[in-house]
Amino acid sequence: MTQRPLLLLDVDGPLNPFRARFLRHRGYVTRRLHPANWSARRRPGSRALRRGLRVRLHPGHGARLLALPYEPAWATTWMHQANEMIGPVVGLPELPVIEWPELFAKDPDGLYWKTRTVLAWAAGRPFAWVDDMVTELDVRHVAEHHDRPALLLPVDPRHGLRARDFAELERWALSL
């Protein structure tokens, strides 16, 4: 068993800064993709469905993530399609995938809908979770219910992963 902590990666927000205005000069490429969960929420025959979801990805992010002292895994609604559609563009190999029992389910305590499943999937291992939707409530819940170190790193969906995020991930992993 590896001693490295898990690095749980969301796609939309951290890797796909979907709220960004201009990314051309930061090395991002734009793709039009048809992820199943997105497509299922579109009207059949609609223009949006025909065009696909605009996804902005940075081809250098995979190498930067793999250089960090972690064992990466997908923590995204893209689930297994992240390995097919996202990984090849950013330079990541096939990664383990967290499978969500129910997408976007309302949590009775107001937690982000992914939080409880992330904790169960981590199974007591140290982990860093990179997502644009984690809140202080999730941070407190993880601290109270996970007896190993955990870093919940919110990433602004207007910027995606930035140098300071990579530095924070490295600093945290090396501090263990």
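The values are calculated or read from the model by the stated rules, or taken from the named source; none is laboratory data. Because the structure is a prediction, the values reported are computed rather than measured. Neighbour counts are summed over all protein chains in view; Cβ atoms, including those assigned to glycine, are modelled from backbone coordinates with ideal geometry. For accessibility, only protein heavy atoms count, side chains too; no ligands or nucleic acids. Shrake-Rupley method; radii C 1.70, N 1.55, O 1.52, S 1.80 Å.
One table, with the values for the structure above:
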{"item": "Selection within region 157-176 - assigned to a loop (DSSP other than H, G, I, E, B), on the phi < 0 side of the Ramachandran plot and touching a residue at least 60 places away in the same chain (Cβ under 8 Å)", "result": "Pro157, Arg158, His159, Leu161, Leu176"}
{"item": "Per-region count, region 34-54, residues modelled with pLDDT under 80 and not in a helix (DSSP H, G or I)", "result": "6"}
{"item": "Any chance Gly110 is modelled with pLDDT under 95 and over 15 Å from the mean Cα position of the chain (by Cα)", "result": "no"}
{"item": "Which listed residue, of His61, His34, His80, is touching a strand residue (DSSP E or B) at 6+ places or on another chain (Cβ under 8 Å) and either under 27 Å from Pro126 (Cβ atoms) or open to solvent by less than 30 Å² (accessible area, probe 1.4 Å) (or both)", "result": "His80"}
{"item": "Residues that are modelled with pLDDT of 95 or more, more than 19 Å from Phe166 (Cα to Cα) and out of contact with any strand residue (DSSP E or B) (no Cβ under 9 Å at 6 or more places or on another chain), drawn from region 83-104", "result": "Glu84, Pro88, Glu94, Glu99, Trp100"}
{"item": "Qualifying residue in region 134-150 (condition: open to solvent by 10 Å² or more (accessible area, probe 1.4 Å), basic (Lys, Arg) and over 19 Å from Pro69 (Cβ atoms))", "result": "yes"}
